[in-house]
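Pasting a structure below so you can have a look.
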Amino acid sequence: MRIRINGLIIKNFLTQRTIVRTIASTPCSYSKMAPKTVFITGANRGIGLGIVRELLKNSEIETIIAGARSVENAVELQSLAKSDAARLHTIQFDASNDESIANSVKQVDQLVGARGLNLLINNAGVNLPYKTDDVPNRETILKCIDVNAVGALLTSQHFLPLLQRAASLSGDDQLSASRAAIINIGSDCSSQTLNITGFCNNTLVAYKMSKVAMLSFARSLVADFETLKVPVLVTTIHPGWVLTDMGGPDADITVEESASKIVNSIDRLNSTHHGGLFDRQLGVMPF
Ligand SMILES: NC(=O)c1ccc[n+]([C@@H]2O[C@H](COP(=O)([O-])OP(=O)(O)OC[C@H]3O[C@@H](n4cnc5c(N)ncnc54)[C@H](OP(=O)(O)O)[C@@H]3O)[C@@H](O)[C@H]2O)c1
């Protein structure tokens with residue numbers, strides 16, 4: 001079944017997960033410059049680990065710092081880091097722990113030095129199933145919002161000085177990920193327009209709230225950065241429905257398909273993406 005809303009064709013409307021195909025893609029001027037320094041959260045498995053693998057393929061990227069809640073247990077990430085020890089570094093990072101976030105800033109600062117941080121990717125996330133007809137449970141809802149939205153906002157605030165340091169070194173005044181950017185790994189669940197008649201499935205009540213909140217703070221940062229004259233690009237990218245622990249076995253695409261498209265999009269980010277919601281190939285998604 002196909003339904004058209006605001007120029008978007010929405011397919012498989014009655015299936016568990018809705019696939020969005022955008023008609024118009026965003027006009028872009030390509031910067032074709034890669035960020036020199038990147039920090040990504042939730043990098044020990046799933047999409048985060050996939051993004052690390054893709055970032056390593058780009059030799060222009062000098063330093064990749066991968067955050068994991070437990071570095072000791074991050075076996076795949078550790079072995080990747082051994083294979084490219086000069087560029088890939090692993091640090092402890094827990095989005096729900098202020099001390100951990102503050103410590104991660106210190107460690108990233110030491111690794112990037114005077115270059116500052118060009119790109120922060122807020123990827124860490126949880127999906128705690130919650131249905132309208134469940135036994136009411138404040139803790140579950142708050143946990144989801146805490147990691148996905150509050151943690152990502154606090155991380156963005158903590159890393160702002162390092163992002164501004166990188167931005168100040170840039171020769172041009174354009175917004176780009178080679179200068180300074182925050183990419184939030186959002187979701188189609190960030191979209192209120194798509195959240196109709198039980199979009200996706202009915203266990204996502206808390207997750208949808210968290211991802212809408214994530215998009216909301218990105219919009220606020222954009223507005224405030226304008227006033228505060230902070231030249232840091234902020235954007236939100238939906239990775240697709242991906243075969244990970246979170247996405248489950250019925251998902252549409254592999255981690256490699258999602259991560260390679262996201263990483264390919266990084267170099268194309270510009271002011272037209274500031275504050276928006278996009279799919280992994282930078283097709284516009286509705287709010
Ligand atoms: N998969 C999909 O279909 C899909 C669709 C739309 C959006 N997304 C978004 O994509 C991002 C990655 O999802 P995924 O599918 O890769 O999920 P995943 O396989 O479940 O991996 C989640 C990652 O987040 C980390 N994490 C969880 N809680 C954390 C915390 N408090 N602090 C730091 N890290 C934490 C996990 O670390 P541990 O190993 O320590 O738990 C893990 O590395 C999420 O933001 C998700 O909402 C995914």
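FYI, it's all coordinate maths here, none of it is from the lab. Owing to the predicted nature of the structure, the values given are computational and were not obtained by experimental measurement. Glycine also receives a Cβ, built like all others from the backbone with ideal geometry; neighbour counts cover every protein chain displayed.
In a shell of Cβ-Cβ distance under 14 Å around Gln157, excluding Gln157 itself, what net charge do Lys and Arg (+1) and Asp and Glu (-1) give?
Values: positive: none; negative: Asp98, Asp224.
Local net charge: -2.
Could you give the size of the charge dipole of segment 2-279 about its Cα centre, using +1 on the Cβ of each K and R and -1 on the Cβ of each D and E, expressed in debye and rounded to the nearest 20?
On the way: 26 positive and 26 negative charges, 107 e Å.
Here segment 2-279 has a charge dipole of around 520 debye.
Further question: For the modelled label position 7 Å from the Cα of Asp245 along Cα-to-Cβ, which residues of segment 71-106 have backbone nitrogen atoms closer than 18 Å?
71-80, 91-97
Also, I was wondering about something else. Of all beta bridges DSSP finds with both residues in the chain, what is the antiparallel percent, to the nearest 5?
Values: 9 of 35 bridges.
Here the share of antiparallel DSSP bridges comes out near 25 percent.
Taking the Cβ of Arg115 as the centre, find all other residues whose Cβ is under 10 Å away and add up their charges (Lys, Arg: +1; Asp, Glu: -1).
Working: positive: Lys36, Arg165; negative: Glu62.
Its environment carries a net charge of +1.
How much net charge surrounds Leu282 when only other residues with a Cβ under 10 Å from its Cβ are counted (Lys, Arg +1; Asp, Glu -1)? Before the final figure, lay out each step's value.
On the way: positive: Lys261, Arg268, Arg280; negative: Asp279.
Net local charge, Leu282 excluded: +2.
In the chain, if the dipole is taken from +1 on Lys/Arg beta carbons and -1 on Asp/Glu beta carbons about the Cα centre, which of Leu160, Gln92, Ile61 is farthest to the positive end?
Ile61
Just Asp252, Asp134, Asp109 to compare: in a GNM of the chain, with alpha carbon springs under 10 Å, which one fluctuates most?
Judging by the Gaussian network model, the answer is Asp134.
Divide by every residue of the chain the summed helix terms, -39500 (n - 2.57) for each DSSP H run of at least 4, and state the resulting mean residue ellipticity at 222 nm, rounded to the nearest 500 deg cm²/dmol.
On the way: 7 runs with 97 residues, N = 287.
Rounded to the nearest 500, the figure is -11000 deg cm²/dmol.
Mind pulling up the Rg/Rh value for the chain? Radius of gyration and Kirkwood radius, both on Cα. Intermediate results must be reported in sequence, preceding the final value.
Working: Rg = 18.0 Å, Rh = 19.0 Å.
Radius of gyration over Kirkwood radius for the chain works out to 0.95.
If one computes the Cα centroid of segment 228-287 and of segment 60-87, what distance in Å separates the two points?
22
Sorted by packing (mean other beta-carbon atoms within 10 Å per residue), highest first, where do 189-196, 41-48 land? Let's see the in-between values first.
Numbers: 189-196: 19.1, 41-48: 24.9.
Packing proxy ranking, top to bottom: 41-48, 189-196.
In straight Cα distance, which lysines are under 27 Å from Lys82, not counting same-chain residues fewer than 8 positions off?
Answer for Lys82, where 27 Å is the Cα cut-off: Lys36, Lys57, Lys106, Lys261, listed by chain and number.
At each listed q (0.14, 0.15, 0.29 Å⁻¹), what is the log10 of I(q)/I(0) that the Debye formula gives for segment 237-287 modelled as equal alpha-carbon point scatterers?
Each listed q corresponds, in turn, to -0.37, -0.42, -1.07.
Among Ala85, Ala167, Ala68, determine the one that fluctuates most according to a GNM of the chain built with springs between C-alpha atoms less than 10 Å apart.
Greatest mean-square fluctuation among the candidates belongs to Ala85.
Amide H to amide H under 5 Å from Ile91: which residues, 5+ apart in sequence or cross-chain, H placed 1.01 Å off N in plane?
Ala66, Gly67, Ala68
When only C-alpha pairs under 8 Å and at least 6 residues apart count, what is the relative contact order of the chain, in percent? Display every interim value, and only then the final one.
Details: 592 pairs, mean separation 63.1, N = 287.
22 percent.
Tell me the label-point distance for the pair Gln192, Val71, using the 7 Å Cα-to-Cβ offset, in nm and rounded to one decimal.
About 4.2 nm separates the two model spin labels.
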